[in-house]
Amino acid sequence: MSQADFDQPHAFAATWRRMLLLSLVLIPATIASQFMREVLPYGGRTGLELAIIIVFGVLFGWISIGLWTSAIGFVSLLLQRDRYNLVRASGAMRPIDAAARTAILLPVFAEDMGRVGAGLRATYESLAATGELDRFDFFILSDTQDPGRWVDEEVAWATLCRELGATGRLFYRNRQVNLKRKSGNVADFVRRWGAHYRYMVVFDADSVMSGEALVKLVNMMESSPRVGLIQTLPQPMGQHTLFARMLQFTGHAYGPIFAAGLHFWQLGDGPFWGHNAIIRIEAFRQNCGLPRLPGRPPLGGDILSHDFVESALLRGGGWTIWLAHDLPGSYEELPPTLLDAMKRDRRWCQGNLQHLRLLFAEGLFPAHRALFINGIMSYVSALLWLLFLLLSSGHAVWQALKPPDYFPTGPALFPQWPVWQPQWALLLIVATAVMLFAPKMLAVLLIVVQRRAGQFGGVLRLLLSAVTETLMSALLAPVQAVFHSKFVLFTLLGQQVGWGAQSRGDVSTSWAEALRYHGLATAVAAVWGLGVFWLNPAFFWWLTPVVAALLLAIPVSVLSSRSSVGRSARARGLFLTPPETAPAPVLQAFERHLQAWEQQAPPSRQRGFAAALEDPDVNALHVAMQGLARAERLQPVILAGRQALADKVLREGPAALAPREQKLLLRQPHLLLELHRRWWAQGARPAAGR
């Protein structure tokens with residue numbers, strides 16, 4: 001296929017495909033709303049019933065998007081005839097032109113450098129095996145503020161350079177000012193070093209990518225000069241808790257058909273998810289300067305969910321964005337527990353709600369405005385579901401307490417009899433269930449038809465995993481909906497989120513934590529359920545799945561966070577995934593490097609500020625990284641204050657300084673070098689409290 005197929009001709013296909021999707025969403029939603037009107041006793045003639053119908057119609061249309069996206073993805077993957085498949089169109093993997101240099105960026109913020117290093121080592125070695133390593137450089141871009149972690153990052157970087165032979169190819173930088181978080185970190189790289197590279201591949205700290213995937217991404221960009229960004233589909237790997245293993249299974253089993261469906265609808269107006277994607281640097285530099293939103297946070301200030309905005313700006317600048325949904329070799333880790341997932345969603349919710357401010361901005365394509373709406377609805381829909389349940393419960397209670405009103409609109413010849421249609425209500429429930437569960441059934445069917453069930457432990461284990469995941473999702477969905485509803489309300493009420501390090505690895509939720517985060521929802525669910533059962537027992541049974549899930553939130557949250565439970569499920573063949581049954585070489589290398597790191601003694605892994613003071617090698621490394629020639633010139637009064645901190649260290653030891661004070665000394669290489677000499681001159685004896 002020629003490059004012209006990826007410029008203008010795809011626009012016509014995209015238009016009719018999106019019109020088809022719009023019809024498939026609006027027509028069934030309108031019909032379902034009419035059914036809901038017929039179900040209600042007064043046929044939507046009361047304000048309460050009208051509100052129920054409107055909310056239900058919006059939600060029905062929302063969930064139908066997932067159904068039709070998965071359905072078209074199923075057909076696309078089954079037939080394998082998509083003429084706009086960028087992966088296949090770029091041809092076989094081939095050598096990269098010497099001028100097409102690529103930077104691989106690893107932004108980090110207070111991360112476990114053992115895990116970061118394991119992923120970087122595996123990626124580096126896999127890339128070296130392709131013979132194209134000299135076309136790539138790696139950058140660890142740190143926003144870490146903790147002084148101890150900062151020093152440990154430098155040591156980890158130096159160790160990687162030495163052991164990989166990567167000096168001059170692997171670089172490290174720690175920013176003093178963390179302006180705009182990750183987006184500012186990447187933008188700072190583009191300003192400083194972007195001119196030396198044609199492309200950049202943006203990672204997350206937990207990203208791993210095979211060398212073949214990286215070379216293929218560059219090949220795709222080289223053969224498509226109007227493509228500004230290619231987003232891969234990161235496959236989850238490496239976690240052991242039951243919650244994470246369930247998410248890993250859904251990512252591998254259900255994710256491909258959904259991603260293929262997204263590609264079918266979006267074509268050259270695809271998404272950017274912030275990581276595991278290749279970007280044309282010049283296009284990014286020209287178009288992706290993020291504005292600061294007017295007003296105060298949380299809806300104003302720095303843009304948090306910058307990835308959607310950057311893809312929209314690239315598209316507005318005339319560059320196309322594609323989703324390489326079928327490119328193998330791209331991996332990421334997922335949150336290990338429900339609470340960790342919700343902490344991440346809290347940040348994402350605030351960022352997505354900020355897009356309300358950008359919906360009508362000039363120069364954006366309709367497809368990217370739709371992506372903004374989709375991101376907003378991914379959280380607002382939870383509030384709408386909760387509202388729908390509350391309205392329905394209120395209607396049931398009102399029906400139980402208030403005598404029927406046969407003349408609600410004034411005098412009439414004939415009374416209006418309230419009529420309850422349980423058979424139509426059942427039909428609506430069945431239709432909604434089909435919308436929710438059909439994508440999973442289609443995904444499992446595709447795996448079986450394509451004879452890939454062995455990658456999931458066989459047909460029986462695949463089916464058992466899918467059924468178990470569906471039951472677990474039914475228990476978790478109401479709990480997640482409560483969290484998302486709170487996030488939306490808190491954001492709209494002006495409460496902004498902080499910026500903390502993400503949890504990775506096998507962490508678990510304690511009973512006290514579960515009680516703290518789920519206790520109120522559990523108590524409210526108990527009162528809610530008992531009240532409805534007392535006033536309208538018939539309606540209570542329709543509400544049972546939601547109430548039961550909230551009542552079980554605490555034990556489910558705790559048990560699903562246990563790696564022992566997850567490992568037990570794996571031993572029984574539940575939630576097996578391709579990286580486990582047939583791991584790619586890059587993942588085998590990652591696990592090997594991670595195990596080697598975890599087996600090291602703690603003192604050799606984390607030494608921090610004390611090492612910068614006492615260890616000659618670490619001190620020399622940090623001083624060199626700061627640069628004696630570039631050292632900041634201080635006024636005498638400030639220098640005297642820093643000198644007083646150095647004297648305090650000599651008297652009481654490095655632990656006597658607060659983190660902020662340690663950072664002040666770490667930013668002064670001359671003073672730190674002199675402090676190191678004085679420390680050893682006084683006998684290098686460990687100070688109290690070290």
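Among (1) in a helix (DSSP H, G or I); (2) open to solvent by less than 50 Å² (accessible area, probe 1.4 Å); (3) of a type in the set (S, T, N, Q), where does GLN480 come up short? All conditions pass for GLN480, except number (2). Is it the case, given these coordinates, that ALA71 is open to solvent by 10 Å² or more (accessible area, probe 1.4 Å), in a loop (DSSP other than H, G, I, E, B), small (Gly, Ala, Ser) and farther than 30 Å from PRO147 by Cα? No; evaluated as a whole, the condition is false for this residue. Among the conditions (1) outside any loop (DSSP other than H, G, I, E, B); (2) open to solvent by less than 10 Å² (accessible area, probe 1.4 Å), the only one that SER224 does not satisfy is (1). The set of residues in segment 48-77 being small (Gly, Ala, Ser) and in contact (Cβ under 8 Å) with a residue 40 or more places away in the chain consists of ALA51, SER64, GLY66, SER70, ALA71, GLY73, SER76. If the requirement is being in a helix (DSSP H, G or I) and modelled with pLDDT of 90 or more, which of these qualifies: ALA640, ALA644? Selected residue: ALA644, the only one of ALA640, ALA644 that is in a helix (DSSP H, G or I) and modelled with pLDDT of 90 or more. In this structure, does PHE272 turn out to be part of a helix (DSSP H, G or I) and surrounded by 20 or more Cβ atoms within 10 Å (Cβ to Cβ)? No, not satisfied.
Within segment 275-309, being touching a helix residue (DSSP H, G or I) at 6+ places or on another chain (Cβ under 7 Å), among the β-branched types (Val, Ile, Thr) and not in a helix (DSSP H, G or I) holds for ILE278, ILE303.
Here HIS240 passes the criteria (1) within 25 Å of LEU462 (Cβ to Cβ); (2) surrounded by 23 or more Cβ atoms within 10 Å (Cβ to Cβ) except the one numbered (2).
Scanning for something part of a helix (DSSP H, G or I), free of Cβ contacts under 8 Å to residues at least 60 places away in the same chain and loosely packed, with under 13 Cβ neighbours inside 10 Å, does segment 572-584 turn up at least one residue? Among the residues of segment 572-584, not one is part of a helix (DSSP H, G or I), free of Cβ contacts under 8 Å to residues at least 60 places away in the same chain and loosely packed, with under 13 Cβ neighbours inside 10 Å, which makes the answer no. As a summary of the residue check, GLY165 satisfies the conditions (1) touching a residue at least 40 places away in the same chain (Cβ under 8 Å); (2) within 30 Å of ALA610 (Cα to Cα) except for the one numbered (1).
Would you confirm, using the coordinates I've provided, whether GLU49 is closer than 25 Å to PHE437 by Cβ, of a type in the set (D, E, K, R) and assigned to a helix (DSSP H, G or I)?
no
You will find that of VAL527, VAL558, the residue that is part of a helix (DSSP H, G or I), in contact (Cβ under 8 Å) with a residue 12 or more places away in the chain and aliphatic (A, V, I, L, M) is VAL558 and no other.
Here is the figure for segment 310-365: residues that are farther than 23 Å from ALA205 by Cα and assigned to a helix (DSSP H, G or I) total 10. Annotation note: Cβ proximity below 6 Å between a residue of segment 451-472 that is more than 25 Å from THR337 (Cβ to Cβ) and a residue that is assigned to a helix (DSSP H, G or I) and among the polar types (S, T, N, Q) (sequence gap 6+ or interchain) occurs for GLN455/THR581. Restricting attention to segment 9-47 and to residues that are among the aromatic types (Phe, Trp, Tyr) and free of Cβ contacts under 8 Å to residues at least 24 places away in the same chain, the residue that is most open to solvent (accessible area, probe 1.4 Å) turns out to be PHE12. Within segment 382-413, if we keep just the residues that are hydroxyl-bearing (Ser, Thr, Tyr) and open to solvent by 40 Å² or more (accessible area, probe 1.4 Å), the residue that is modelled with the lowest pLDDT turns out to be TYR406. Against the test of being closer than 30 Å to PHE272 by Cα and more than 21 Å from the chain's Cα centre (by Cα), the options ALA361, ALA400, ALA396 yield a single qualifying residue, ALA361. If you check ARG83, ARG94, ARG115 for being within 16 Å of MET209 (Cα to Cα) and modelled with pLDDT under 95, only one passes: ARG115.
The values are calculated or read from the model by the stated rules, or taken from the named source; none is laboratory data. All of these numbers come straight from a predicted model, not from anything done at the bench. All Cβ positions, glycine included, derive from the backbone under ideal geometry; neighbour counts span all protein chains shown. These accessible areas exclude ligands, DNA and RNA; they are computed on the full protein's heavy atoms, side chains included. Shrake-Rupley method; radii C 1.70, N 1.55, O 1.52, S 1.80 Å.
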